[in-house]
Amino acid sequence: MKKITYLFLSAMLMMLFACTQEDVQVGQPDDELSKAFKSNGPVFHVDPSGFDDTDELLSAFASAKAAGPGATVQLTEGTFHISFMLIEEFVGTFNGAGMGKTIIEPLDDLPSMDMLNSNQQPELLKFLRGNVQITNMSFLNLATDESPAEILWALLGLHDWAYSELPNLPEDHKITAVVDHVEFAGMSGLPDDPNIWILGAGIAAGPDFWWDNNLPYSNADITVTNCTMHDMEQAFFILSMEKGKIVFNENGPVSSRSGLFFKENIGGSAIISDNDFYTTGMGSVYIDNADWFLNEYKPSEGAQYEISRNEFHLNNSWGAITIADDRVDYGLVDNENPVQVLIEKNLFDLKGETWVGIWNWRTDDAVIRNNIFKGTAKVGIYVDPRTTNSLILGNNFSNLVCTSDIEWLPGYGENYKILLLGNINTVVGGGNNSTTVLNIGENNQITGAKFVNEGENPLGQTIVDNYMIWKESLLKMKNP
């Protein structure tokens, strides 16, 4: 199963979206997407049988599709046992009796290898294109050592195209989905050893394929609200998005090794707000925009990420947020369409051997402001040498203790809240004089903070001159 681990957990970082000092907000959800799907058609009820409910559910979806847009497949209270299911082009609602009342569990001996051999992801329930609302139910995968969880890639798949459709992929391939008041649960009692594989993800979005290269990108509008996710590798995995929106709002607890994992996304926008994360692995929001050669090469059309008002509770984790656009280093990005990131008004509660609150790996013109950091970590914010033009403004580190005992930065002491290795960045202290900065970059401007300068020309040009450029770019992306 190493290939699963590689695709799902493969390495290092991505992200970005910036905002101006005039508080330009980007990527807000469309009215259509922020509202639940309105069911106005017939309702098809399904009761649990106590045995295999797969055929009964497939029959209900077929009847609902035949009835036209707006029909509902309604599950009653009880536990439904299903094998792998694929629902295509469904426009309607899939509803239960409530979280913990309507429960969907996988059957034993799922034909996972058959799925993999046909280049499909082994996900319990898949929706391919269409416009679906999924509400008021629980997906449980109660795996044991005798029934390993690695047979499941995800509990719910939301896809706009599948490998079997190539090369005749519909031009308008898109998935629209709202997931609301749904529980996703894997094996209880998460093992501490990260090498022990558990359930892959609660939700997987993007294309449905196992492995190939030079493939099309994805188009998805997905809203996830009021959901709980626990005991899995990733809560929500988003792959290869070029167009659309991801809204992840008011979910929690999100208790998993990693929270949201964005991989090789070159367009669209994401809003991650008002969630409670409890993560122990790679982090709560991990954005990796490297080119992993899965998709056909094309310049980035620009992606926007807003991460605001979340609570990040980490214990022995890598970090809460990792943001990286490695395609820049490969010379693969159209610089007129940058990835942009805003991180503001979040609480970072760091414990144990947690490495960092925010790892700004590779961005241009990121904005990190008005966040609160507390607990213990090696460092609050790390700015990589390849990062430029960040604005780090008004963050509160008064209740954060940093060790900064980094093996490749010997001799610099401890308790620096920001390690500033990048160039032409601006740090403005939070006003409580608790912002301590180790400045090893060049042409950085630091005000209202205590810092040690190890670079050249620390009071260089600020990033303010660039803001009008990014403001125009933001507005263009918001209203193309």
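The values are calculated or read from the model by the stated rules, or taken from the named source; none is laboratory data. From a predicted model like this one, the values you see are computed outputs, not experimental measurements. Reconstructed Cβ throughout: ideal geometry from the backbone, glycine too, with neighbour counts over all protein chains shown. With ligands, DNA and RNA removed, areas are computed over all heavy atoms of the protein, side chains included. Shrake-Rupley method; radii C 1.70, N 1.55, O 1.52, S 1.80 Å.
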TODO: Can you work out which of the residues in the range 321-342 that are charged (D, E, K, R) and modelled with pLDDT under 75 is surrounded by the fewest Cβ atoms within 10 Å (Cβ to Cβ)?
DONE: Glu336
Open item on the list: So in the range 246-258, with the set limited to residues that are open to solvent by less than 20 Å² (accessible area, probe 1.4 Å) and assigned to a strand (DSSP E or B), which one is modelled with the lowest pLDDT?
Closed with: Arg257
Task: Residue check for Phe261: assigned to a strand (DSSP E or B), open to solvent by less than 10 Å² (accessible area, probe 1.4 Å) and in contact with a helix residue (DSSP H, G or I) (Cβ under 8 Å, 6 or more places away or on another chain) - done: yes
- [ ] Go through Lys65, Lys101 for me and flag whichever is under 19 Å from Gly157 (Cβ atoms) and surrounded by 15 or more Cβ atoms within 10 Å (Cβ to Cβ).
- [x] Lys65
- [ ] Select, from Thr462, Thr435, the only residue that is at pLDDT below 75 and of a type in the set (Val, Ile, Thr).
- [x] Thr462
Task: Asn399 vs. criteria in a strand (DSSP E or B) and either modelled with pLDDT of 85 or more or among the acidic types (Asp, Glu) (or both) - done: yes
Open item on the list: Can you find a residue that is open to solvent by less than 20 Å² (accessible area, probe 1.4 Å), part of a helix (DSSP H, G or I) and over 22 Å from Phe237 (Cα atoms) anywhere in the range 76-89?
Closed with: no
Open item on the list: Let me confirm something: among Tyr305, Tyr278, which residue is outside any loop (DSSP other than H, G, I, E, B), open to solvent by 10 Å² or more (accessible area, probe 1.4 Å) and either touching a residue at least 24 places away in the same chain (Cβ under 8 Å) or out of contact with any strand residue (DSSP E or B) (no Cβ under 7 Å at 6 or more places or on another chain) (or both)?
Closed with: Tyr278
Open item on the list: For the range 112-122, check the following and say yes or no: at least one residue is more than 24 Å from the chain's Cα centre (by Cα) and part of a loop (DSSP other than H, G, I, E, B).
Closed with: yes
TODO: Could you check, for the range 54-65, whether at least one of its residues is in contact (Cβ under 8 Å) with a residue 40 or more places away in the chain, part of a loop (DSSP other than H, G, I, E, B) and not aromatic (Phe, Trp, Tyr)?
DONE: no
Task: Residues satisfying the stated conditions in the range 442-451, i.e. modelled with pLDDT under 85 and open to solvent by less than 50 Å² (accessible area, probe 1.4 Å) - done: Ala449
- [ ] Name, by its number, the condition in (1) buried (at least 24 other Cβ atoms within 10 Å of the Cβ); (2) at pLDDT 80 or above; (3) touching a Lys or Arg at 6+ places or on another chain (Cβ under 6 Å) that does not hold for Asn289.
- [x] (2)
Task: Test: Asn131 is polar (S, T, N, Q) and either part of a strand (DSSP E or B) or in contact with a Ser or Thr (Cβ under 7 Å, 6 or more places away or on another chain) (or both) - done: yes
- [ ] Answer yes if at least one residue in the range 343-354 is in a strand (DSSP E or B), open to solvent by less than 10 Å² (accessible area, probe 1.4 Å), closer than 17 Å to Val427 by Cβ and modelled with pLDDT of 90 or more, and no otherwise.
- [x] yes
Open item on the list: Of the conditions (1) within 24 Å of the chain's Cα centre (by Cα); (2) modelled with pLDDT of 95 or more; (3) not in a strand (DSSP E or B), Leu156 satisfies every one except a single condition; which number is it?
Closed with: (3)
